[in-house]
Amino acid sequence: MSQQPSPFSPTKDFAKRLLAWSDINGRKDLPWQSDKTPYRVWVSEIMLQQTQVAAVIGYYQRFMEHFPDIHSLAHAEEQQVLAQWAGLGYYARARNLHKAAKHVVFDLDGAFPSDVEKIMELSGIGRSTAGAISSIAFKRSAPILDGNVKRVLTRLHDIEGWPGGREIEKQLWQLADNYTPTERCEDYTQAIMDLGATLCTRSKPQCTQCPFQTDCQAYANDTITLRPTSKPKKKNPVKECWILDITCNNETLFEKRPASGIWGGLHSLPELSREYTYDEILEEVERRFDLKGLSIDEARPFKHIFSHYTLLAHPVRIQVSRQENSIREERLEWLTHEARAQKGLPAPISKYFEEKITKP
DNA sequence: AAATCGGGGGT
DNA sequence: ACCCCAGATTT
């Protein structure tokens, strides 16, 4: 755990300078930026959660015409709410909005809660959205930590580590809280989102326009493109299977694989789900190939790493007695080791045979 | 094709 | 308390 020596080295007057910047460059004419009632702010924050400003504007205006206040929303049928939401996507947001409206109107006497803790109890509102509503609608000093703010803060402090992780997120909330002013906190909330949305963007940030260029640790360290640290790719799953090494005399049964998928179109050993028991394997061999197994035993498993998963193949050797009337299919082929060497086979299968020959 | 996003839900 | 997902867009 690399505890940073000082998790917080305050940039002096951050809020003041940010507000000075946003007074000139910030957006102040969006539909939800006038008449900032809790209801109007809330609806805008929910709509903006996973959707860009430009896409939200039209929906917001129509939504407000249909449901001008929280009472009209609470008394509406869910279908009417969803109808107004149609096209915005993420419809769970609309259901949560409706559910929360009913809760406020019928359980809280229509009084929208003002502190973060209470706001967070409403469906569809987490800590960041609650902070936004509390600060913008109630002018309470409450931090937010949405994607924009995470980006600004991880760059300003050049914080390494995925912001979704526990420790980093905790550190970011601490920073967000420290920077949040008591004066003009509603403008500050809007301003830091504007900074992230217009200058401190994910790609091609406009650092030359940024009022914090000389404060920015990532800029100084030339790590802007590395911040925020991207989510660690979850390590690939391991998939296991049986690989059937079916032999009769000196020949092995190969099966041409489907054209698409892994090893598409190549000849390979038949593959079965690892779930099968020996008995089930033999049943399947008889069903699919019309071959009776005489003996069955396992060889050493081999591993093959694909880009998206690791295959752990368990070869199972099956001796069969060749029948006259064995199923004949285009995709099935009996090959000797010599013939096999000429054939296009998946590398792991070829390798398996090299080992089998050199170390029987 | 892969990364992103804030909250919900499952473990 | 922690991890992961659904659902849609963006790069």
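Throughout, read-outs are computed from the coordinates displayed, never taken from laboratory work. Please read these numbers as outputs of a predicted model, since none were measured by experiment. Reconstructed Cβ throughout: ideal geometry from the backbone, glycine too, with neighbour counts over all protein chains shown.
Before anything else, pin down the relative contact order of chain A: Cα pairs under 8 Å, at least 6 apart, normalised by residue count, whole percent.
Working: 491 pairs, mean separation 46.2, N = 360.
Relative contact order of chain A: 13 percent.
Would you report the distance distribution of C-alpha pairs in the stretch A:7-52 as whole percents per 5 angstrom bin, up to the bin with the largest distance?
Calculated over all Cα pairs of the stretch A:7-52, the distribution is 5, 17, 15, 17, 19, 15, 11, 2 percent.
Quick query: amide H of A:LYS292 versus all other amide H atoms, modeled in the peptide plane; which residues come in under 5 Å with a sequence gap of 5 or more or a different chain?
Here the answer is A:SER321, since their amide H atoms fall under 5 Å of that of A:LYS292.
Kindly provide the trypsin sites (Lys or Arg not before Pro) of the stretch A:262-307 that DSSP labels as loop, not H, G, I, E or B, and whose Cβ sees at most 13 other Cβ atoms within 10 Å.
Passing both the DSSP loop test and the Cβ count: A:ARG274.
If I build a Gaussian network model for chain A, linking alpha-carbon pairs within less than 10 angstrom, which residue out of A:VAL316, A:VAL81, A:VAL116 has the largest mean-square fluctuation?
A:VAL316
So, with +1 on the Cβ of K and R and -1 on the Cβ of D and E, and no other charges, what is the size of the charge dipole of the stretch A:238-358 about its Cα centre, to the nearest 20 debye? Write out the running numbers ahead of the final one.
On the way: 17 positive and 21 negative charges, 90 e Å.
With Lys and Arg at +1 and Asp and Glu at -1, about 440 debye.
Per 10 Å bin, what is the whole-percent P(r) computed from every C-alpha pair distance within chain A?
Values per bin, smallest distances first: 5, 19, 19, 12, 10, 13, 14, 7, 1, 0.
Which of A:HIS314, A:ILE246, A:HIS267 sits closest to the plus end of the dipole of the stretch A:238-358, meaning its Cα is farthest towards the positive end, when Lys and Arg get +1 and Asp and Glu get -1 on the C-beta?
A:HIS267
Can you check what the Kirkwood hydrodynamic radius comes to for the stretch A:1-155, Cα pairs only, in Å to one decimal?
After inverting the mean inverse Cα-Cα distance, the result is 17.0 Å.
Please list the equivalent ellipsoid semi-axes of the stretch A:208-360, computed as the square roots of five times the alpha-carbon gyration tensor eigenvalues, in descending order and whole angstrom. Mind dumping the intermediate values first?
Working: eigenvalues 468, 49, 41 Å².
Ellipsoid semi-axes (Å, largest first): 48, 16, 14.
Compute the normalised compactness of the stretch A:70-196: alpha-carbon radius of gyration over 2.2 N^0.38 Å, N being the residue count. Don't jump to the answer; show the numbers that get you there.
Working: Rg = 16.4 Å, N = 127, 2.2 N^0.38 = 13.9 Å.
Working it through for the stretch A:70-196, the quotient is 1.19.
Under 5 Å between amide H atoms, partner at least 5 residues away or on a different chain: which partners does A:THR252 have, H built in plane at 1.01 Å?
Amide H to amide H, under 5 Å and 5 or more residues apart or across chains, A:THR252 pairs with A:LEU335, A:THR336.
If R₀ is 51 angstrom, what is the calculated FRET efficiency for the pair A:LEU82 and A:ARG288, using the beta carbon separation as r and rounding to 0.05?
Numbers: r = 49 Å, r/R0 = 0.96.
It comes out at approximately 0.55.
All other residues with a Cβ under 13 Å from the Cβ of A:THR229 taken together, and with Lys, Arg as +1 and Asp, Glu as -1, what is their net charge?
+3
Would you kindly state how much longer the chain becomes between A:ARG331 and A:PHE106 on full extension, computed as 0.36 nm times their sequence separation minus their alpha carbon distance, in nm to one decimal?
74.2 nm
Given the DSSP H assignment, sum -39500 (n - 2.57) over each helix run of at least 4 residues in chain A and divide by its residue total; what's the result at 222 nm in deg cm²/dmol, nearest 500?
Numbers: 15 runs with 151 residues, N = 360.
That calculation yields -12500 deg cm²/dmol at 222 nm.
Determine the dipole magnitude for chain A: charges of +1 sit on the beta-carbon of Lys and Arg, -1 on that of Asp and Glu, nothing else is charged, the reference point is the Cα centre, and the result goes in debye to the nearest 20.
Dipole magnitude for chain A comes out near 860 debye.
Go through A:SER295, A:THR129, A:LEU19 and say which Cα lies farthest out towards the positive end of the charge dipole of chain A; charges sit on Cβ, +1 for Lys and Arg, -1 for Asp and Glu.
So the residue furthest toward the plus end is A:LEU19.
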